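*Asks:* Mind having a look at this structure? Questions to follow.
Readers should treat all values here as calculations from the given coordinates under stated rules, not as data from a laboratory. Quantities reported herein were computed from a predicted structural model and do not represent experimental measurements. Here the Cβ is made from the backbone with ideal geometry for all residues, glycine too, and neighbour counts use every protein chain on show.
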Amino acid sequence: MKYNPNKPLTDEELDKLSKDDFDKFLEYLDSQSEHLRKYTRPLNSHETKKMASLSAAVQGKKLTDEEFERVKEIGKENEKNILNK
């Protein structure tokens with residue numbers, strides 16, 4: 001089953017599909033995810049650092065220096081990808 005952006009399934013239909021045929025439910029979610037990925041961009045450096053910090057805070061921990069440096073690298077890579085588009 002493919003996702004149709006013009007006529008997405010309702011919550012009730014998704015619940016029924018997940019109970020009736022879980023494989024088709026997963027196929028539907030995969031196709032929806034694929035469709036939505038067309039309209040997204042990678043997080044820039046600031047957004048990457050912000051999301052990593054928030055995620056760590058929710059987990060009740062702080063980012064180590066190594067983790068923070070890795071986050072900065074990811075942000076820089078993402079910005080290069082954004083500029084290359």
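*Asks:* Take Tyr28 and decide whether it is surrounded by 11 or more Cβ atoms within 10 Å (Cβ to Cβ), under 22 Å from Asn6 (Cβ atoms) and aromatic (Phe, Trp, Tyr).
*Replies:* Judged against the criteria, Tyr28 is a match.
*Asks:* Filter the range 53-85 down to residues that are hydroxyl-bearing (Ser, Thr, Tyr) and assigned to a helix (DSSP H, G or I) and give me whichever is surrounded by the fewest Cβ atoms within 10 Å (Cβ to Cβ).
*Replies:* That would be Ser55.
*Asks:* For the range 14-26, give me each residue that is of a type outside the set (A, V, I, L, M) and either in contact with a Lys or Arg (Cβ under 7 Å, 6 or more places away or on another chain) or under 18 Å from Leu36 (Cβ atoms) (or both).
*Replies:* If the condition is that a residue be of a type outside the set (A, V, I, L, M) and either in contact with a Lys or Arg (Cβ under 7 Å, 6 or more places away or on another chain) or under 18 Å from Leu36 (Cβ atoms) (or both), then Phe25 is the only one that fits.
*Asks:* Here's something else I'd like to know. Can you name the residue in the range 36-52 that is of a type in the set (A, V, I, L, M) and assigned to a helix (DSSP H, G or I) and is also nearest to Asn4 (Cα to Cα) among such residues? Even if it seems obvious, please write down each step before you answer.
*Replies:* Kept after step one, since they are of a type in the set (A, V, I, L, M), are these residues of the range 36-52: 36, 43, 51-52.
Subsequent filtering for residues that are assigned to a helix (DSSP H, G or I) retains 36, 51-52.
Working: Leu36: 11, Met51: 30, Ala52: 33 Å.
Only one residue fits best here, namely Leu36.
*Asks:* While we're on this one: Looking at the range 2-47, which of the residues that are under 30 Å from Asn84 (Cβ atoms) and among the hydrophobic types (A, V, I, L, M, F, W, C) is farthest from the chain's Cα centre (by Cα)?
*Replies:* Leu29
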